[in-house]
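One structure below.
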């Protein structure tokens with residue numbers, strides 16, 4: 001009877017190694033039997049290829065046993081507890097994290113889930129937390145040299161401390177710089193440009209002792225809903241200063257657009273690009289004396305669908321190339337581009353109207369990162385089960401937080417038809433809700449969203465028309481019924497919760513159904529585990545590449 005001296009007897013303790021041993025025994029046909037050793041026992045030599053294969057299995061087992069979970073709070077928490085990752089664990093530069101969503105393209109993964117927990121109680125764009133207030137005094141708007149009337153107006157709305165983006169942006173605007181500001185959604189960007197504009201308009205009015213016959217400040221936004229919202233904030237700030245704000249939005253005929261300017265010229269105009277282009281082509285207004293041009297939601301405004309109209313608008317405005325040009329006697333306009341992500345085509349458009357070197361870039365440290373103060377859950381679910389899962393979460397929210405007021409929910413769908421179909425399904429289940437989607441007239445959409453903001457209803461089914469810039473401070477839960485088609489859309493949708501002055505325990509729930517959605521989720525989970533920004537996002541303003549002119553060589 002022969003004895004086999006291989007040295008891998010410990011492999012039999014696992015299924016993987018049993019499989020390797022079975023392959024090893026099969027390979028014994030090729031083993032060479034050496035002469036008997038000194039002990040008289042024949043020795044079978046194992047080929048080097050088989051030894052390497054077994055060694056690789058041992059190394060893989062060691063790697064898989066690395067635990068990313070330590071004592072304390074969990075950053076990533078999933079159905080498979082072995083894949084959890086604690087807040088205290090940090091991946092190495094070249095480590096490849098093991099994902100909870102790794103096998104989600106398989107049909108057996110339905111029902112799996114993982115959560116990116118909120119590891120901070122306060123939003124990163126808030127200038128100081130309650131603990132920091134004890135250690136050092138908190139900055140207020142008085143330190144930003146804002147007029148007393150504006151500060152008192154803010155205090156009546158319980159706005160006392162400026163956010164980080166406001167601390168960074170307001171002084172630069174006051175000094176006359178052109179600004180490109182990119183910061184998280186809900187970080188207070190609207191006030192960061194309206195406050196210094198109102199302050200400077202008031203000073204100009206006091207110096208001239210009369211109202212200006214031209215529009216002095218204009219805010220361009222992509223949708224009528226956002227125009228009404230920005231105008232509402234602007235009107236509140238204008239009241240104590242004796243200034244006037246008007247709105248020109250889409251969905252109106254040329255007659256109504258002309259009617260806005262028949263009653264005189266406002267100090268501040270909030271407009272959508274389509275309506276503004278109509279007014280400029282019919283010479284309803286003159287922008288030659290404009291002092292401030294704000295392009296809000298710049299990532300959308302510099303998109304190809306709006307960039308041509310925006311470029312036409314910019315051609316009617318003299319943009320300053322230096323802060324000195326904003327003063328007498330030149331009095332050129334300051335350009336303020338504001339957004340939650342850096343627009344890809346900003347360099348191409350702005351280079352035609354001003355020197356890019358004159359633009360001050362203000363970029364948030366957490367730009368393009370997942371918000372650390374918002375819980376985000378990803379659920380792999382079959383398409384036909386999404387309605388039931390949605391109903392389950394809505395009931396759970398009602399049970400946990402009780403009555404209306406702070407339980408507002410936004411449910412995002414990718415298509416208008418899905419919004420309508422989902423609405424019919426929820427009606428059959430007895431779930432009260434309202435709907436807003438792009439096929440509705442702009443006037444109707446504005447009225448519906450206004451009622452939602454006033455707590456008339458708590459559940460709003462919508463498309464991405466409601467994901468850009470709108471104030472949703474009372475929203476506690478965002479549901480991606482259809483997973484967004486890009487990381488940019490995900491950032492904007494998730495930004496509807498966790499806003500400055502809003503609910504502190506906001507949550508995002510995303511249903512994941514299709515394989516292409518899994519690929520986006522895996523990139524989001526990888527970024528969350530590595531504590532890095534989402535991939536594929538613009539992060540800098542660049543000079544446009546020079547166009548290559550083809551010339552024929554002379555022979």
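We did not get these values from a lab; they are worked out from the coordinates using the rules stated. The model shown is predicted, which means the values in this text are computed figures rather than measured ones. Quick reminder, even Gly has a Cβ in these numbers, built from the backbone with ideal geometry, and neighbours come from all protein chains shown.
Details
- Whether region 403-509 is rounded, prolate or oblate, judged on the alpha carbon gyration tensor where a/c under 1.5 counts as rounded: rounded
- In this structure, residue 396 and residue 305 have a Cβ-Cβ separation that, at R0 = 51 Å, corresponds to a calculated FRET efficiency of about 0.85.
- Label-point gap, in nm, between residue 312 and residue 254 - each point 7 angstrom along Cα→Cβ: 1.2
- Taken along the Cα-to-beta-carbon direction at a fixed 7 Å, the label points for residue 140 and residue 45 span 8.7 nm.
- The listed peptides 254-262, 287-295, 96-104, ordered by packing as a protection proxy, come out as 287-295, 96-104, 254-262 (highest mean of other Cβ atoms within 10 Å first).
- Counting 0.36 nm for each residue step from residue 207 to residue 514 and taking away their Cα separation leaves a gain of 104.3 nm.
- Segment residue 454-residue 324, length gained on full extension (0.36 nm per residue, minus Cα span): 42.4 nm
- Fewest-first ranking of 299, 471, 355, 328, using other Cβ atoms within 10 Å as the exposure measure: 328, 355, 471, 299
- Taking 0.36 nm per residue of separation and subtracting the current Cα-Cα distance, fully stretching the chain between residue 174 and residue 95 would add 23.9 nm.
- Global geometry of region 286-386, whether rounded, prolate or oblate, following the gyration tensor of its Cα atoms and the 1.5 cut on a/c: prolate
- Sorting 415-427, 189-201, 273-285 by average packing, meaning the other beta carbons within 10 Å per residue, from highest down gives 189-201, 273-285, 415-427.
- Three-way shape call for region 179-285 based on the alpha-carbon gyration tensor, with the a/c threshold at 1.5: oblate
- Residues 45, 435, 216, arranged from fewest to most other Cβ atoms within 10 angstrom of their Cβ, appear as 45, 435, 216.
- Here each label is just a point 7 Å from Cα along the line to Cβ, and for residue 385 and residue 106 those points are 1.6 nm apart.
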